[in-house]
Protein chains: 2
Amino acid sequence: MTKKLKKGTRCTICKAKGENDKAVVYLPHHRLALCKEHFIEWFEKRVEKTIKEFKMFKLDEKILVAVSGGKDSLALWNALTKLGYQADGFYIDLGIGDYSEESKKLSIDFAESIGRKLHIVPMKEEIAPIPEIKQSTKRPACSACGTVKRYYMNKIAKELGYNVVATGHNLDDEVATLFGNTLGWDINYLKRQYPVLQEENGFVRKVKPLCKITEKESALYSFFNNIEYIEYECPFSEGASSIEYKEIWSKIEEKSPGSKLRFYSEFLKKMYPILNTQNKNINVSEIKTCIICGEPSFNEICSVCKLKEKVGIKS
Amino acid sequence: MTKKLKKGTRCTICKAKGENDKAVVYLPHHRLALCKEHFIEWFEKRVEKTIKEFKMFKLDEKILVAVSGGKDSLALWNALTKLGYQADGFYIDLGIGDYSEESKKLSIDFAESIGRKLHIVPMKEEIAPIPEIKQSTKRPACSACGTVKRYYMNKIAKELGYNVVATGHNLDDEVATLFGNTLGWDINYLKRQYPVLQEENGFVRKVKPLCKITEKESALYSFFNNIEYIEYECPFSEGASSIEYKEIWSKIEEKSPGSKLRFYSEFLKKMYPILNTQNKNINVSEIKTCIICGEPSFNEICSVCKLKEKVGIKS
């Protein structure tokens, strides 16, 4: 992102104000060269604008941020706090060796630095560490991991009285998911590709305030704010198709800056309404209540209670 | 395509018949290894199946094949003829130097070899050679070229009494177009992405019988049938975005054979019907008649008559 910044370029906003600061960032798809201070301001304004555009939440609502210890979730938590929102954190200790140990410590340290609560749920106590679940179920780790994250995030938010769960999914994540769903035209997935999922059937509202922020922008925001985050990926994520899609999209973006944002925004503007004004009857009200834990589920027994059975935990 | 064929692999069909022929082609996304003879048979059956699936035309209809002299249009013409259809050819001499000279000669030779008529329209006489149009209009050559091809193909088919125009667009072409339209979610283009466009408002029916055949398959079919075709691209096509999209899709296909076919077929199956059962009122019946030539047009004067004006031809 910064490589296209010519030496000596002045910050677009400083220049407009008659000031003289040098730009340190160039955002080709926004045609903006910015100094550190104005980049931070730009980033937070963009998050605020996204929250309002999609009516994600209001200032008086209690927000629970799903924190992984990575750049996106910490950048999100930082921006929400600076924007005046009441946002606490929620961390699932997945028990994936050093990766979990380090990301947990970074999350705890960050929570302290901004003076907000961090709720921690240890998988070791709830079910079992992810590597053990992986062995017991003989399924990919990412599958179990996604299941437990969705389940506990929702359950804990309700138990602790939060109105909404915010996740750090960025534009690159959303583009990769949208692209993946477009490859096979999975209508039911495409229909749910929206940065706000309203509260219904035992699910709390879920929002993605970074959906128009790129991965690089959130890394830079964390860097400029001296946020320490875990810099390597989860060891289980290697070879995930989302990584392949992200590579494809990096190339498209490099050739035509703005392509990612266009693909995502135009989908929301043009295709999402078409998908949601018809076929309303598909996959709606199929949600039941798990007969073991009482949480919402597509089956009699929910995926987490099934996981528990598989690793030998009696309910 | 052939590189994944292990030495000594037997033809899947021969094997089933108790014969012993060696395979010369491997089609990973169909999991078929085929000898020359069975590949040709497979190709023609697949074209026939596509014609029937989309109700493109019947045996008693007169078909005009848009011939460029390339592998796709000649493979199509050959297959249609072998399948018993009455297909004649239509060639526009674009006047692009050696490229046009060579492709014209190859088209004429091929027409002779199968004993069918080839109608030739020389741009030089109708308007001007494409390179001159390019200079006069200061627009990309591909834009003028597309305009004149669509116009004359339609006009000549009607004048000569053909029921339907068939073009050689293959799966790679269709995937690149669909992908391009998906990048910005152009609903009006996506709505028309179908291998059959019915006759309406002065347009004849247009069909794409190779829409489920890859570029490599049509090259191989031409090769096995000793069809001589022009092997290089039009000199003006360099840098076209469709070429970039084809590269992206080659990589996706290589990683997951069948991705192209899935992307295209699932679109037709799942998304196309959704797009066409609603918003029927968009862009329909906006078609007028050109006040100069009487051909269908979106404006008072059609694009070809405008081109003629620009190069200084008085109507």
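Shown here for the stretch B:43-103: GluC sites (Glu not before Pro) in loop regions (DSSP other than H, G, I, E, B) with at most 14 other Cβ atoms within 10 Å, namely B:Glu61. Which links in A:Lys62/A:Lys251; A:Lys105/A:Lys206; B:Lys55/B:Lys191 stretch past 29 Å when you go from one Cα to the other? Violating the 29 Å limit, Cα to Cα: A:Lys62/A:Lys251.
Report the trypsin sites (Lys or Arg not before Pro) located in the stretch B:82-120 that are in a DSSP loop and have at most 15 other Cβ atoms inside 10 Å of their Cβ, or state none. Filter output for the stretch B:82-120: B:Lys117. Across identical copies of the chain, A:Lys49 has label-point separations of 5.0 nm, listed in ascending order, with the point defined 7 angstrom from Cα along Cα→Cβ.
Run a plain Debye calculation on the stretch B:24-111 (Cα atoms as equal point scatterers, no solvent) and give log10 I(q)/I(0) at q = 0.16 Å⁻¹, rounded to two decimals, same order as the q list. Scattering profile of the stretch B:24-111, log10 relative to I(0): -0.76. Relative to the current alpha-carbon distance between A:Asp21 and A:Ile120, full extension at 0.36 nm per residue lengthens the span by 31.4 nm. Here the average projected area of the convex hull drawn through the C-alpha atoms of the stretch A:197-239 stands at 5.2 nm². In straight Cα distance, which aspartates and glutamates are under 17 Å from A:Lys308, not counting same-chain residues fewer than 8 positions off? Within the straight-line cut-off, A:Lys308 pairs with A:Asp93, A:Glu125, A:Glu126, A:Glu132, A:Glu295, A:Glu300.
When B:Gly146 is represented by a point 7 angstrom out along its Cα-to-C-beta vector, the spacings to that point in the other copies are 3.6 nm, nearest first. Translational diffusion coefficient, Stokes-Einstein: compute it for chain A using the Kirkwood radius over C-alpha pairs as Rh, at 10 °C and 1.306 mPa s, and state it as an integer in µm² s⁻¹. Answer from the Stokes-Einstein relation: 76 µm²/s.
To the nearest whole percent, what portion of all C-alpha pairs in the stretch A:1-149 is separated by more than 23 angstrom?
In whole percent, the long-distance tail amounts to 54.
Across peptide A:261-272, the mean count of Cβ atoms from other chains lying within 10 Å of each residue's own Cβ comes to 3. For chain A, leaving out every one of the chymotrypsin sites (Phe, Trp or Tyr not before Pro) that falls in a DSSP loop and has at most 12 other Cβ atoms within 10 Å, the longest unbroken run is A:1-231. Using only alpha-carbon positions in the stretch B:141-229, the gyration tensor eigenvalues give semi-axes of 23, 21, 13 Å once each is multiplied by 5 and square-rooted (largest first).
Working note: 222 nm ellipticity from helices only, DSSP H runs with n ≥ 4, each -39,500 (n - 2.57), summed and divided by the residues of chain B, gives -14000 deg cm²/dmol to the nearest 500. The lysines within cross-link reach of A:Lys306, meaning a Cα-to-Cα straight distance under 21 Å and a gap of 8 or more places when in the same chain, are A:Lys124, A:Lys134, A:Lys138, A:Lys149, A:Lys155, A:Lys288, A:Lys314. On the principal axes of its alpha-carbon atoms, the stretch A:190-315 has extents of 51, 40, 29 Å, going from largest to smallest. Farthest toward the positive end of the dipole of the protein assembly as shown, out of A:Ser259, A:Met56, A:His29, is the Cα of A:Met56, where the dipole comes from beta carbon charges about the Cα centre. Across the stretch A:94-136, C-alpha contacts under 8 Å between residues 6 or more apart give a mean separation that, scaled by the residue count, equals a relative contact order of 54 percent.
This model, with +1 at the C-beta of Lys and Arg and -1 at the C-beta of Asp and Glu, gives the protein assembly as shown a dipole about its Cα centre of some 660 debye.
Counting, for every residue in B:241-252, the Cβ atoms of other protein chains within 10 Å of its Cβ and taking the mean gives 2. Here chain A is assigned +1 on the Cβ of each Lys and Arg and -1 on the Cβ of each Asp and Glu. Its dipole about the Cα centre then comes out at about 1060 debye. Among A:Ala87, A:Ala157, A:Ala240, the residue with the largest mean-square fluctuation in a Gaussian network model of chain A, with springs joining Cα atoms closer than 10 Å, is A:Ala240. Within 10 Å of the Cβ of each residue in A:176-185, the mean number of Cβ atoms contributed by other protein chains is 4. Restricting the calculation to Cα atoms, the protein assembly as shown yields a radius of gyration followed by a Dmax of 29.4, 88 Å.
For B:Arg205, nonlocal amide neighbours, meaning residues 5 or more places apart or on other chains whose placed amide H falls under 5 Å from its own, are B:Val165, B:Glu199. Label point of B:Ala16 (7 Å along Cα→beta-carbon): distances to the other copies' equivalent points are 6.6 nm, sorted ascending. The mean sequence separation of alpha-carbon pairs under 8 Å and at least six residues apart, normalised by the residue count of chain B, gives a relative contact order of 18 percent.
Throughout, read-outs are computed from the coordinates displayed, never taken from laboratory work. Quick caveat, the model's predicted, so the values are computed rather than measured. FYI the Cβ positions are ideal-geometry reconstructions off the backbone, even for glycines, and counts take in every protein chain you see.
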